[in-house]
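The values are calculated or read from the model by the stated rules, or taken from the named source; none is laboratory data. This structure is a prediction, so every number in the text was calculated from the model and none was measured. Quick reminder, even Gly has a Cβ in these numbers, built from the backbone with ideal geometry, and neighbours come from all protein chains shown.
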Amino acid sequence: MKAYFGDIDINSLDIPVDKEYPGKNNDVGRRYFLNILHSVKNIGVKRPIIVRENEVLIGGARVRAVKHLGHKTISAIVFSSTNIPNLRKIKSYDELLKISRLSELIVTEDLFKHRN
């Protein structure tokens, strides 16, 4: 599996929703979504979402917000077992952290093998 970065079509994404998700059927979920929606509308998406193949792992609320606002794409880090030619390949863990704007991201596969 390799890591890529770039803008992807939001309609190509699967956003899993489980029973514990504080979605639009309760006040907490509605308030959370409205806060995300307001933020995206006013300042944009500051951190890319995290995707494995087409499944959103981190950032489902951001995807819903940009979709609601009529956007067609969103910035994403995509972990994929196939090459994605229209996205830039991420070459190192440090680059992954810089792009994601996270201090740590646990990657369960050896994506960044060092070449001798």
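Based on what the data block shows, is residue 42 surrounded by fewer than 12 Cβ atoms within 10 Å (Cβ to Cβ), modelled with pLDDT of 90 or more and at negative phi? Yes: the conditions hold for residue 42.
The set of residues from the range 58-86 being of a type in the set (A, V, I, L, M), surrounded by fewer than 18 Cβ atoms within 10 Å (Cβ to Cβ) and under 15 Å from the mean Cα position of the chain (by Cα) comprises just one member, 58.
Considering only residues in the range 19-39 that are assigned to a helix (DSSP H, G or I) and basic (Lys, Arg), the one that is modelled with the highest pLDDT turns out to be 31.
Close contacts from the range 1-30, counting a first residue that is among the aromatic types (Phe, Trp, Tyr) and a second that is at pLDDT below 90, with Cβ to Cβ under 7 Å and a gap of 6+ residues or different chains, come to none at all. Assess whether residue 99 counts as being assigned to a loop (DSSP other than H, G, I, E, B), hydrophobic (A, V, I, L, M, F, W, C) and modelled with pLDDT of 85 or more. So residue 99 does not fit the description; no. The residues of the range 72-96 that are out of contact with any helix residue (DSSP H, G or I) (no Cβ under 7 Å at 6 or more places or on another chain), outside any strand (DSSP E or B) and either within 25 Å of residue 35 (Cα to Cα) or of a type in the set (Ser, Thr, Tyr) (or both), listed by number, are 81, 82, 92, 93. Applying a threshold of 6 Å to beta carbon distances and a minimum spacing of six or more residues, or different chains, the list of pairs starting in the range 77-88 at a residue that is within 16 Å of residue 55 (Cα to Cα) and ending at one that is crowded, with 18+ Cβ neighbours inside 10 Å and of a type in the set (S, T, N, Q) reads 77/100.
Reported count of residues in the range 54-74, each being without any contact (Cβ under 8 Å) to a residue 60 or more places away in the chain, closer than 16 Å to residue 87 by Cβ and among the β-branched types (Val, Ile, Thr), is 1.
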